[in-house]
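*Asks:* Handing you a structure now.
The values are calculated or read from the model by the stated rules, or taken from the named source; none is laboratory data. Predicted, not measured: the structure shown is a model, and the values here were computed from it. For neighbour counting, all protein chains shown are included, and Cβ atoms are generated from backbone atoms with ideal geometry for every residue, glycine included. Remember, those area values only see protein heavy atoms, side chains included, never the ligands or the DNA or RNA. Shrake-Rupley method; radii C 1.70, N 1.55, O 1.52, S 1.80 Å.
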Amino acid sequence: AAWVHEQVAPHARVAWISIHGSMNADQWLLLLLETLETHIPALRDLRNHDGPGQFASPQRVRVLCRELAAAERCVLVIDDYHLIDAPAVHAVTQQLLDDAPDALHVVLLARSAPPLRLTQLILDDALLTLTDADLRLSADEFSAFTHIFHLDELPPAALEAMQQDALGWIAGLKLLAHERRRDLHGQ
């Protein structure tokens, strides 16, 4: 499912994080900063850690949000958020969502609902939730897809298997269509 914080502005810069495993809050904030600083160089100074204590402090996240408020619009996509299991990481994300300026749009991609408090975003009409059911093709859309990619000649059982294998997701269908077309034409 995808949780989209606010509407994505046209021509915004996009920063993408693909999560590959567990991390602590300090590693998470550092990853956020490194990812966002490619578009907002002023964030480099926030990576400097001056002494003992927690790097991912609420104060540092507040400063991050202030810096983001002064920047151009940016979309932060966080892919595979379901892999995050540390409550302290969720706390940093929660603070980022709570304090995010209008210039930042956050897209969380996850296979399950994140353990975040999203009620205020819902009340502010600043949250769009898409589930896998929203992303599936209807029967008519699937039929149009098979026609566009010249898959109409496949046996009905093969088309049904293709739709089932991809669960209706367009990217998966395109990959399967390419594979089936190659098999059909012996290439």
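*Asks:* Cβ contacts < 6 Å: first residue more than 14 Å from residue 167 (Cβ to Cβ), restricted to the range 133-149; second residue at pLDDT below 85 and in a helix (DSSP H, G or I), any location; separation 6+ or different chain. Result?
*Replies:* 149/177
*Asks:* Collect the residues in the range 16-48 that are modelled with pLDDT under 90, surrounded by 15 or more Cβ atoms within 10 Å (Cβ to Cβ) and either closer than 28 Å to residue 119 by Cα or not aliphatic (A, V, I, L, M) (or both), keeping them in residue-number order.
*Replies:* 39 - this is the single residue of the range 16-48 that is modelled with pLDDT under 90, surrounded by 15 or more Cβ atoms within 10 Å (Cβ to Cβ) and either closer than 28 Å to residue 119 by Cα or not aliphatic (A, V, I, L, M) (or both).
*Asks:* So, one more: Inside the range 123-150, can you point out the residues that are in a helix (DSSP H, G or I) and under 18 Å from the mean Cα position of the chain (by Cα)?
*Replies:* Narrowing the range 123-150 to residues in a helix (DSSP H, G or I): 123, 132-135, 139-148.
Of everything in the range 123-150, those that are in a helix (DSSP H, G or I) and under 18 Å from the mean Cα position of the chain (by Cα) turn out to be 132, 133, 134, 135.
*Asks:* Let me ask something additional. Every residue in the range 38-74 that is among the charged types (D, E, K, R) and not in a helix (DSSP H, G or I), please.
*Replies:* Selection gives 50, 72, 73.
*Asks:* Among the residues of the range 75-89, is there at least one that is open to solvent by 50 Å² or more (accessible area, probe 1.4 Å) and not in a helix (DSSP H, G or I)?
*Replies:* yes
*Asks:* If you don't mind, another one. Considering each residue of the range 117-166, count those that are open to solvent by 70 Å² or more (accessible area, probe 1.4 Å), of a type in the set (Gly, Ala, Ser) and in contact with a Gly (Cβ under 6 Å, 6 or more places away or on another chain), and give that number.
*Replies:* 0
*Asks:* Going through 102, 98 one at a time, which residue ends up being open to solvent by 70 Å² or more (accessible area, probe 1.4 Å), part of a loop (DSSP other than H, G, I, E, B) and acidic (Asp, Glu)? So that I can check it myself, show each step before the final result.
*Replies:* Working: 98 fails: part of a loop (DSSP other than H, G, I, E, B).
Testing whether each residue is open to solvent by 70 Å² or more (accessible area, probe 1.4 Å), part of a loop (DSSP other than H, G, I, E, B) and acidic (Asp, Glu) leaves just 102.
*Asks:* Give the residues of the range 114-152 that are small (Gly, Ala, Ser) and touching a strand residue (DSSP E or B) at 6+ places or on another chain (Cβ under 8 Å), sorted by residue number.
*Replies:* In the first step, residues of the range 114-152 are kept if they are small (Gly, Ala, Ser); the result is 126, 133, 138-139, 143-144.
Within the range 114-152, just 126 meets the criteria.
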